[in-house]
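Heads up: the structure comes next, in structure tokens.
The values are calculated or read from the model by the stated rules, or taken from the named source; none is laboratory data. On a predicted model such as this, the values are computed, not experimentally measured, just so you know. Every residue, glycine among them, receives a Cβ derived from its backbone with ideal geometry; neighbour counts consider all protein chains shown.
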Amino acid sequence: MASQIDLHCHTTASDGALEPEVLIDRAIGRNIETLAITDHDTMVGYRQVADYAKERGLRLIPGIELSSQWRGMGIHVVGLGMDPTHPVMIEAERSQTEVRRARAITIAERLEKKMQKKIDFAAVEALAGGEVGRPHFAQYLVEQGMVPDRQTAFKKYLGAGKVGDVKSGWPTMETVVKWIVESGGQAVLAHPHHYKLTRTKLLDCIAAFQHAGGQAMEICCGLMDKNQSGQLKKIAQDEGLLGSCGSDFHGPNKFGLDLGVMPTFPSSDELGHVLSAIPA
């Protein structure tokens, strides 16, 4: 189902495939009316095209997807509607950039040790053109002929629990929520279905998230099925959270995921939308 609202997508400023301006053009071509660029740990992509989006008549929400930890598990928190010039957010981006670079260097060192092959970190940085993440290492391994494709790279070296899955260094979930709120934004728990938590642990995570000031949760995300979306809607209702929606689009792919692709968002009388809390 295509939505005219997409509050979760990525550009080349992090691990997306499209330049920010190209992403804006694609959104307009797909009849998106409200978009948030939520690159990992940076608002550079948003800043590059804020004026361009306005000229094209697209409502572009300031956004970011911050990496964090909760009970040793990687958790992503989307920030929406922050003041991109707020000192707290500027410092948050600086801090996350340092952690991300240190993490990327550790990934390179671990891959070298595991694969017994030289990893040219400068070449990986050049591929990224911005923040270095695991997808850029996957691309490098493919281009160097070390693996046949990106899927194999993640399956053998970069996926959850593998040698390249480095979580250490990220701030706590509670910390990044406070960064977002203090910068005037809405904190959104990103793609809860990805974490494979039991219902009890998910509710514990949500409780900690709300205690820190978290206000919303993604209930419609990309290619999740209607059953997953319905379950998350019920949890959001029960816990008093607003709902959010986004494709988590990183670039054109064979699975049909694109901007605006996600389950249908519930009616307003069923669940409040996070957009209602963001000034127009």
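What to note about this one:
- Flag set for Leu223, criterion: assigned by TED's automatic domain parsing to the domain that holds Thr34, of a type in the set (A, V, I, L, M) and surrounded by fewer than 17 Cβ atoms within 10 Å (Cβ to Cβ).
Results for (1) modelled with pLDDT of 95 or more; (2) of a type outside the set (Ser, Thr, Tyr); (3) in the same structural domain as Lys196 (by TED's automatic domain parsing), shown as yes or no for each residue.
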{"site": "Ser68", "(1), (2), (3)": "yes, no, yes"}
{"site": "Ile75", "(1), (2), (3)": "yes, yes, yes"}
{"site": "Gly81", "(1), (2), (3)": "yes, yes, yes"}
{"site": "Glu98", "(1), (2), (3)": "no, yes, no"}
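- The strands (runs of 3 or more DSSP E) located wholly in region 48-159 that include 2 or more residues which are among the polar types (S, T, N, Q) and in contact with a helix residue (DSSP H, G or I) (Cβ under 9 Å, 6 or more places away or on another chain) occupy 63-70.
Rundown of residues vs (1) surrounded by 19 or more Cβ atoms within 10 Å (Cβ to Cβ); (2) not assigned by TED's automatic domain parsing to the domain that holds Lys117, yes/no style:
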{"position": "Pro148", "(1), (2)": "no, no"}
{"position": "Gly164", "(1), (2)": "yes, yes"}
{"position": "Ser183", "(1), (2)": "yes, yes"}
{"position": "Gln186", "(1), (2)": "yes, yes"}
{"position": "Tyr195", "(1), (2)": "no, yes"}
{"position": "Lys201", "(1), (2)": "no, yes"}
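- A single member of Leu35, Leu18, Leu23 is part of a helix (DSSP H, G or I), within 23 Å of Val261 (Cα to Cα) and within 18 Å of the chain's Cα centre (by Cα), and it is Leu23.
- Test result for His211, closer than 21 Å to Asp6 by Cα and either out of contact with any helix residue (DSSP H, G or I) (no Cβ under 6 Å at 6 or more places or on another chain) or not basic (Lys, Arg) (or both): no
- Pro266 vs. criteria in contact (Cβ under 8 Å) with a residue 24 or more places away in the chain and surrounded by fewer than 15 Cβ atoms within 10 Å (Cβ to Cβ): no
- Hey, Asp225 at pLDDT 95 or above, of a type outside the set (A, V, I, L, M) and out of contact with any Lys or Arg (no Cβ under 7 Å at 6 or more places or on another chain) or not: no
- Region 210-242, residues that are within 16 Å of the chain's Cα centre (by Cα) and part of a strand (DSSP E or B): Ala216, Met217, Glu218, Ile219, Cys220, Cys221
- Residue under evaluation Gly272, criteria (1) under 20 Å from the mean Cα position of the chain (by Cα); (2) buried (at least 17 other Cβ atoms within 10 Å of the Cβ); (3) at pLDDT 95 or above, criterion not met: (1)
- Here region 172-196 is the region considered, the condition is being part of a loop (DSSP other than H, G, I, E, B) and at pLDDT 95 or above, and the residue that is farthest from His40 (Cα to Cα) is Gly184.
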